[in-house]
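Peer 1: My structure is below; once you've seen it, I'll send some questions.
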């Protein structure tokens, strides 16, 4: 996912957006602003059975780090993002192998957009969005009553099982922004006046899919005003938060 | 490299010697330039690199090898030393648009291909965009936007200039915030002419093309620009005059614009590209375009068919009869699209001309036995048959 | 946000009046002049695309959508246009199936932002509520590149249009729901709302 979390009114004429992206933007803004219907569900865990030596395929991570300027613009940072992906991969691999899982990184080849594998990854994006909007966010679906977590990629996920020789696939999504100097000054100034100006935020989720059934069996959402991915130690903490209470994982953080 | 382009390259050498007059522009960076990743420009390149990965995999990209090679060769000839810095992608979109991103990604819409009369006009647009790129206009505008206090808008920074492509995740949702300024437009026009002439094309193609485009746009009933190209390229009143004068200064050039070659290259794709244009519902502009295509000699049966479609969909006074006339004409010409039988059949059906409708439906299925709507047509053939025999 | 509707919704939400999805229970359900037999429950979306449409979803609108459209009069459009600049095409009672396919394809395309290509195929006659109607397939890529397929049931009754459109992600979602949709289409009945509605 790639939706911008911040906005200010502006004069430029805008192209009509789809209703679905509006929905997503609304849901995410609400989550970050803390206005979501109070829910303690930020994690789902339906992992069953013996997971020791399970083979986990780490899918290409969707990560982006940006600077949030005083004017409310998000400026993506190439070097930070490249480094962050390196730190996170190292941290994830470390955590999973210490817990006895066999983690392998998915080969990211440019694919035909119509290919089954490409569509499977797009489907996961869509399922992740639905989980954020309807399970974690305020727009609950009555058919999934009692907070039943019932989201799946279906049996087509078995193609990943074959392609990656794995039992589970782990998807990671992070959007992380940091206040620029100008914005921090703005925040302090506004705080003195009694108004709250959102600073940098960290939004992410980690999702584990059982490649036999396609079911999302573990999902953890992260949304907070702190958190850093710009050095290994800080990234380790973020990964620890993403993997909070993943069976067998006890992140080693100093 | 196609014969045509090779010929142009040789001509370019010859004409270079004749000397182009007017300002001599040059690129303001080296072909192997890449920004430092931690710089602001590095961040912008990074975003565009990701966008380019999406473009490569996009379902809206036209992957036909011959067409892509043709465009790449033309861009190569125009860009000279910067040939290897530019990658061209053809996007299935009926709007007139071509754009370049600071990392060398060039996007060409199929709508542009439908509007140029010859290779020289196509090269004029591509040369104009290459000129923006070689003079770093995008990065300069992006920096201005960042620094400006008035820029409190929610945008995907820098990308709004490069988009107009569909189905991509990082597409911006805001319009003209990052248009080029008038000085940059003028520079791109004049530098574009220089590149055009250096490749042996007739520089007069540039003012000719923009005049035709302006004529088409003047027909836009809504007067609202939904076209990303015009949102980012402000057009000065005196632009045609400036270009015309500047073009004259160039003197000799190859006389013909290789119109025939362009047409031959586009003919197999004409049907698919034109169908997208009708979905825009911009009927006045479509009518203008079809007039041009008739004159240029695009496949007659198809042009007549689309004329029929235009009248059928527009539904203005008298359009019903004009649609029937156009489809009928299409069916007299060599190689009409099978859809013409079907659309005419439906119109006859509405007119209660049952025997004619029946015959047309039958001819449709004979011409297109794999039609996906065969079941519907069979139903009409059967019920019309029964009706006629009652 | 880049949409005044979203800003309004945000304000409503902060004020405590939240938009929410409501349950459509299985059994016989009337909506927009159609009576449908549902074997499974659906979720009714609070974000309706027009006054003649009920929009339902099972797992989230990107994954699956059911548009129930009915009592549509001459001159009305299927959906309300998301932008002032672009007009939605309108229905006329004398439209033949090919025109109704065009109407559906163009309307969906514009509803989804005007920037997609929606393709239709396999148009065929089908009995709808005891009378002559028809059926066709749809397909499109979303802006993010997810491929979705759809199935449309339509009939013009009197001078009004009745239509049910099912669209879902091609991977897993569309095939797994197809049998359910087939039953829904077979048992759909037109029970028009009186008057101009």
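The values are calculated or read from the model by the stated rules, or taken from the named source; none is laboratory data. Bear in mind that the values here come from a model prediction, so they are computed numbers and not experimental data. So basically every Cβ, Gly included, is an ideal-geometry build from the backbone, and we count neighbours across all protein chains shown.
Peer 1: Out of C:152, C:101, which single residue is under 30 Å from residue A:132 (Cα atoms) and more than 14 Å from chain A (Cβ to nearest Cβ)? So that I can check it myself, show each step before the final result.
Peer 2: Numbers: C:101 fails: under 30 Å from residue A:132 (Cα atoms).
Among C:152, C:101, only C:152 is under 30 Å from residue A:132 (Cα atoms) and more than 14 Å from chain A (Cβ to nearest Cβ).
Peer 1: Looking at region B:40-68 only, could you name the residues that are more than 9 Å from every other protein chain (Cβ to nearest Cβ) and not in a helix (DSSP H, G or I)?
Peer 2: Taking region B:40-68 first, the residues more than 9 Å from every other protein chain (Cβ to nearest Cβ) are B:41, B:48, B:51-52, B:55, B:62-68.
Correct list: B:62, B:63, B:64.
Peer 1: Now for a separate question. Sort out which residues of region C:130-142 are in a loop (DSSP other than H, G, I, E, B) and surrounded by fewer than 19 Cβ atoms within 10 Å (Cβ to Cβ), and write them in order of number. Reasoning before the result, please.
Peer 2: The first filter runs over region C:130-142 and keeps only residues in a loop (DSSP other than H, G, I, E, B), leaving C:130, C:142.
Selection gives C:130 alone.
Peer 1: Please pick out the residue among A:162, A:166, A:126, A:118 that is away from every other protein chain (no Cβ under 12 Å) and part of a helix (DSSP H, G or I).
Peer 2: Details: A:166 fails: part of a helix (DSSP H, G or I); A:126 fails: away from every other protein chain (no Cβ under 12 Å); A:118 fails: away from every other protein chain (no Cβ under 12 Å).
Selected residue: A:162, the only one of A:162, A:166, A:126, A:118 that is away from every other protein chain (no Cβ under 12 Å) and part of a helix (DSSP H, G or I).
Peer 1: I'd like the residue in region A:129-148 that is modelled with pLDDT of 85 or more and assigned to a loop (DSSP other than H, G, I, E, B) and, out of all such residues, is nearest to the other protein chains (Cβ to nearest Cβ).
Peer 2: If we take residues in region A:129-148 being modelled with pLDDT of 85 or more and assigned to a loop (DSSP other than H, G, I, E, B), then A:141 is nearest to the other protein chains (Cβ to nearest Cβ).
Peer 1: Look through region C:79-98, keep the residues that are in a loop (DSSP other than H, G, I, E, B) and away from chain A (no Cβ under 14 Å), and return whichever of them is surrounded by the fewest Cβ atoms within 10 Å (Cβ to Cβ). Lay out the reasoning, then the answer.
Peer 2: Kept after step one, since they are in a loop (DSSP other than H, G, I, E, B), are these residues of region C:79-98: C:79-96.
The next check asks that each one be away from chain A (no Cβ under 14 Å); those that pass are C:89-96.
Numbers: C:89: 19, C:90: 15, C:91: 24, C:92: 16, C:93: 14, C:94: 9, C:95: 19, C:96: 16.
If we take residues in region C:79-98 being in a loop (DSSP other than H, G, I, E, B) and away from chain A (no Cβ under 14 Å), then C:94 is surrounded by the fewest Cβ atoms within 10 Å (Cβ to Cβ).
Peer 1: Provide a single number: the residues in region C:166-184 that are touching a helix residue (DSSP H, G or I) at 6+ places or on another chain (Cβ under 7 Å) and either assigned to a helix (DSSP H, G or I) or more than 14 Å from every other protein chain (Cβ to nearest Cβ) (or both).
Peer 2: Of the residues in that region, 1 qualify.
Peer 1: On to the next question. Does at least one position in region B:77-97 carry a residue that is without any contact (Cβ under 8 Å) to a residue 40 or more places away in the chain, surrounded by fewer than 19 Cβ atoms within 10 Å (Cβ to Cβ) and touching a helix residue (DSSP H, G or I) at 6+ places or on another chain (Cβ under 8 Å)? Steps first, please.
Peer 2: Filtering region B:77-97 for residues without any contact (Cβ under 8 Å) to a residue 40 or more places away in the chain gives B:83, B:87-90.
Filter once more, so that each one left must be surrounded by fewer than 19 Cβ atoms within 10 Å (Cβ to Cβ): B:83, B:87.
Next, only the ones that are touching a helix residue (DSSP H, G or I) at 6+ places or on another chain (Cβ under 8 Å) stay: B:83, B:87.
Yes, region B:77-97 has at least one match.
Peer 1: Quick check, is residue C:145 within 14 Å of chain A (Cβ to nearest Cβ), buried (at least 18 other Cβ atoms within 10 Å of the Cβ), in contact with a helix residue (DSSP H, G or I) (Cβ under 7 Å, 6 or more places away or on another chain) and free of Cβ contacts under 8 Å to residues at least 60 places away in the same chain? Explain how you work it out, then say what you get.
Peer 2: Numbers: within 14 Å of chain A (Cβ to nearest Cβ): yes; buried (at least 18 other Cβ atoms within 10 Å of the Cβ): yes; in contact with a helix residue (DSSP H, G or I) (Cβ under 7 Å, 6 or more places away or on another chain): yes; free of Cβ contacts under 8 Å to residues at least 60 places away in the same chain: yes.
Yes; evaluated as a whole, the condition is true for this residue.
Peer 1: Among (1) at pLDDT below 75; (2) away from chain A (no Cβ under 13 Å), there is one condition residue B:158 misses while meeting the rest; what is its number?
Peer 2: Only one criterion is unmet by residue B:158, namely (2).
Peer 1: To continue, here is another question. Does residue B:72 qualify as being under 26 Å from residue B:201 (Cα atoms), touching a strand residue (DSSP E or B) at 6+ places or on another chain (Cβ under 6 Å), surrounded by fewer than 21 Cβ atoms within 10 Å (Cβ to Cβ) and touching a residue at least 12 places away in the same chain (Cβ under 8 Å)?
Peer 2: Spelling it out, residue B:72 is indeed under 26 Å from residue B:201 (Cα atoms), touching a strand residue (DSSP E or B) at 6+ places or on another chain (Cβ under 6 Å), surrounded by fewer than 21 Cβ atoms within 10 Å (Cβ to Cβ) and touching a residue at least 12 places away in the same chain (Cβ under 8 Å).
Peer 1: Quick one: would you say residue B:245 is at pLDDT 85 or above, surrounded by 17 or more Cβ atoms within 10 Å (Cβ to Cβ) and not in a loop (DSSP other than H, G, I, E, B)?
Peer 2: Values: at pLDDT 85 or above: yes; surrounded by 17 or more Cβ atoms within 10 Å (Cβ to Cβ): no; not in a loop (DSSP other than H, G, I, E, B): yes.
For residue B:245, the condition - at pLDDT 85 or above, surrounded by 17 or more Cβ atoms within 10 Å (Cβ to Cβ) and not in a loop (DSSP other than H, G, I, E, B) - is not met.
Peer 1: Name every residue in region C:50-77 that is part of a loop (DSSP other than H, G, I, E, B), in contact with a strand residue (DSSP E or B) (Cβ under 7 Å, 6 or more places away or on another chain) and within 24 Å of residue C:180 (Cα to Cα), in order of residue number. Spell out the reasoning first.
Peer 2: So the first thing to find is which residues in region C:50-77 are part of a loop (DSSP other than H, G, I, E, B), and the list is C:50-52, C:58-63, C:73-77.
Among the residues that remain, those that are also in contact with a strand residue (DSSP E or B) (Cβ under 7 Å, 6 or more places away or on another chain) are: C:52, C:58, C:63, C:73.
Those that are part of a loop (DSSP other than H, G, I, E, B), in contact with a strand residue (DSSP E or B) (Cβ under 7 Å, 6 or more places away or on another chain) and within 24 Å of residue C:180 (Cα to Cα): C:52, C:58, C:63.
Peer 1: A follow-up question, please. Can you pull out every residue in region C:115-129 that is more than 8 Å from chain B (Cβ to nearest Cβ) and in contact (Cβ under 8 Å) with a residue 12 or more places away in the chain? Don't jump to the end; show me each part of the working.
Peer 2: Here is the first cut: in region C:115-129, the residues more than 8 Å from chain B (Cβ to nearest Cβ) are C:118-120, C:126-129.
C:118, C:119, C:120, C:126, C:128, C:129, listed by residue number.
Peer 1: Of the numbered conditions (1) at pLDDT 90 or above; (2) not assigned by TED's automatic domain parsing to the domain that holds residue B:108, residue B:253 satisfies every one except a single condition; which is it?
Peer 2: Checking residue B:253 against (1) at pLDDT 90 or above; (2) not assigned by TED's automatic domain parsing to the domain that holds residue B:108, the one that fails is (1).
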